[in-house]
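Structure first, then comments.
A short reminder: the numbers here are calculations on the coordinates, not readings from a lab. Note that the coordinates shown come from a computational prediction; the quantities given were computed from them, not determined experimentally. Backbone-built Cβ (ideal geometry, glycine too); neighbour counts: all protein chains shown.
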Amino acid sequence: MGGIGRTTRLSLPGLAAYGLPLVSFVVGVVLWQLLVALFRIPAYLFPSPSAIIQGFFAGRIDWVQQTSITLNEAVTGALIGIVVGFAIAVVITLSATLRQILMPYIVALQVLPKVAIAPIIYILLGFSNTSRVLLIVILTFFPIVINVSTGLTDVDRNLIYLLQSLRASRATIFFKVRLPNSLPYFFDGLKIAVSGALVGAIVAEFVSSNSGLGFLILNSQYTFNTVAAFGAFAILTVLGLLLYAAVIVLARQLMPWYRSG
Amino acid sequence: MPAVVVLENVSKHYTTVKGHEVQAVRNVSLSVQPGETVAIVGPSGCGKSTLLRLIAGVEGPSGGSIRRETAGGHFIVGYVFQDSSLMRWRTVYDNIKLPLEVVKKRDLGNVDRLIDLIGMKGFERSYPIELSGGMQRRVSIARAFVHEPSIVLMDEPFTGVDELTKEALQHELGNLIRTLHVTALLVTHDIEEAVFLSDRIFVMSPRPGAIVEEVPVNLPSARDPSVRSSLEFFAAASKVRAKLLELHAMRVDAAT
């Protein structure tokens, strides 16, 4: 059955599905280049693609170092957020009392636009790496909590009956039914979390930092170095794509039994 | 030999979210003898599934008593559900193995034996998503038999399967029940399915479900699809249908 799916994907309509977006992207970049040249827009206002590429390789900025700083914060924060989120999801699923106690705080934190609290985190924890990572943790843990707790709860009732009829303990039901059932939900949460992690890293660097891509963008504003800012945008776009793709690859590896959509 | 399970005046009511009392099952008395297949036929929502959960011990009755025969060790059930309810993250082999894991049986020989019996050799490593609806039903049936349960409870096992596949599956299930000498309780709204598979049929009234008639099925225990056109088959099916129609008419009268 998989064979049919694979061959149709490689056929003409399949190629068109990937080809058209690619053509659209290339045409967009070419138009951008032409319009900037036609209207003689100065690079500090809106740089052309070629100017961005030139600026990128001019060697004034150590892109690898700046990127690794931002990526390091994002990944550290995301990992902590994922672990904390998963733990909270398990706790509120297993204990109705703890769910009721924790829920108002979790909901309040979710409704609040979390980047708003960024400046205050620095008052609490100082202008340190810890503060930056904490903001990312707050941004990433919530989608994990919500998705995993849904996955742990939204279980086929019959499977619970089946295990109960076999006198299975709550722990057995948790490990054999609830936990594996939550995996697809977890990966959906992870997709949201990784993009949240980048947002968190950039905002954290806007508020306080002297390095990283967020700092670079803010610094570009002061120095009218728009070309550098666009270079950072390009890197962030690629980073976002790579992180998202990594989640999808990991999901396919760990869940060969799952097909979304 | 003592009955595998005996229900005496069993009732069950629930309290709904709005606080209303709903009676699902009313004064049900029945017993299932070792090696026989008993069917309960009734309209949708008459409390048939509730009855199975009570026998499985997943829920407790509000009134009456349920006696389970435990002479040969533990009373343990096999369960077949309406929509297979397989674990999608487990392969065919691991889905069938599940009950053995839970009751901590080391000997996994039955898994291979059942895969063979349901004709799924070569599909051991397939996931449910890769199987047809009929194959998924077969796996869920194998899962219910693998741990040699005291009784197999089947809750409308072939709902939503096309007619021809359904008849083939019913034939296979009948053979499996005979080969493995299983005691079974089948709940269904499909009259032909009840007649084809069982030795006795209980007819249940609409909610609150009560047993209103017992119909014996006078067919040989070994059955192939040709019995469907026999006189005895027709007689039993007609008797069940007449009782269900009578119940339906009473309900319509009461409503108007």
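Summary of computed values
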| quantity | calculated |
| --- | --- |
| Peptide B:75-82, shielding by other chains (average Cβ, 10 Å cutoff) | 3 |
| Coordinate range along principal axes, alpha carbons of region A:93-164, Å, largest first | 54, 21, 17 |
| Prolate/oblate/rounded call for chain B, Cα gyration tensor, a/c under 1.5 rounded | prolate |
| DSSP-defined beta bridges in the protein assembly as shown - what % are antiparallel, rounded to 5 | 50 percent |
| ³J(HN,Hα) computed for each position of region A:56-70 - Karplus, 6.51 cos²θ - 1.76 cosθ + 1.60, integer Hz, glycine/proline x | 4, 9, 5, x, 7, 10, 7, 4, 4, 5, 4, 5, 5, 5, 5 |
| Percent of beta bridges antiparallel (DSSP, chain B, rounded to nearest 5) | 50 percent |
| Proximal lysines to residue B:243, defined as alpha-carbon separation beneath 29 angstrom and excluding residues fewer than eight positions away on the same chain | B:12, B:48, B:166 |
| Local net charge near residue B:188, Cβ-Cβ under 9 Å (Lys/Arg +1, Asp/Glu -1) | -3 |
| Cα-centre dipole for region A:63-254 with unit charges at Cβ (Lys and Arg positive, Asp and Glu negative), debye to 20 | 600 debye |
| Positive-end residue, the protein assembly as shown charge dipole about Cα centroid, Cβ charges, pick of B:92, A:47, A:164 | A:47 |
| Distant-in-sequence amide H partners of residue B:213 (H built 1.01 Å from N, under 5 Å) | B:203 |
| Per-peptide average of other Cβ atoms within 10 Å, ordering B:54-63, A:17-26, A:85-94, B:18-27 highest first | A:85-94, B:54-63, B:18-27, A:17-26 |
| Size of charge dipole - chain B - debye, nearest 20, with Cβ of Lys, Arg +1 and Asp, Glu -1, no other charges | 560 debye |
| Average beta carbon contacts from partner chains per residue of B:87-98, 10 Å cutoff | 3 |
| GNM flexibility winner over chain A from A:99, A:170, A:178 (Cα, springs under 10 Å) | A:170 |
| Within the protein assembly as shown: Cβ-based charge dipole about Cα centre, in debye rounded to nearest 20 (Lys, Arg +1; Asp, Glu -1) | 860 debye |
| Packing rank of B:247-253, A:252-258, A:182-188, where each peptide gets the mean count of other beta carbons within 10 Å, highest leading | A:182-188, A:252-258, B:247-253 |
| Residue (of B:158, A:67, B:34) at the positive-pole extreme of the protein assembly as shown, dipole from beta-carbon charges | A:67 |
| Residue mean of other protein chain beta carbons inside 10 Å, A:151-164 | 5 |
| Furthest towards positive pole of dipole, B:122, B:203, B:231, structure part chain B, Cβ charges | B:122 |
| Chain A shape via C-alpha gyration tensor axes, a/c threshold 1.5 | oblate |
| Solvent-free Debye scattering, log10 I(q)/I(0), computed from the Cα coordinates of the protein assembly as shown at q = 0.10 Å⁻¹ | -0.91 |
| Among B:17, B:161, B:38: highest mean-square fluctuation, GNM of chain B, C-alpha pairs under 10 Å | B:17 |
| Partner lysines for residue B:104 [C-alpha distance under 20 Å; skip if fewer than 8 residues away on the same chain] | A:176 |
| For region A:27-32, 3J(HN,Hα) per residue [Karplus equation, 6.51 cos²θ - 1.76 cosθ + 1.60, θ = phi - 60°, Hz, x = Gly/Pro] | 4, x, 5, 5, 4, 4 |
| GNM result for chain A, Cα springs below 10 Å: residue of A:169, A:209, A:95 fluctuating most strongly | A:169 |
| Region B:1-143, Rg to Rh (Cα coordinates; Rh as Kirkwood inverse mean 1/r) | 1.02 |
| Computed log₁₀ I(q)/I(0) - Debye formula, equal Cα scatterers, no solvent, region A:207-261, q 0.25 Å⁻¹ | -0.93 |
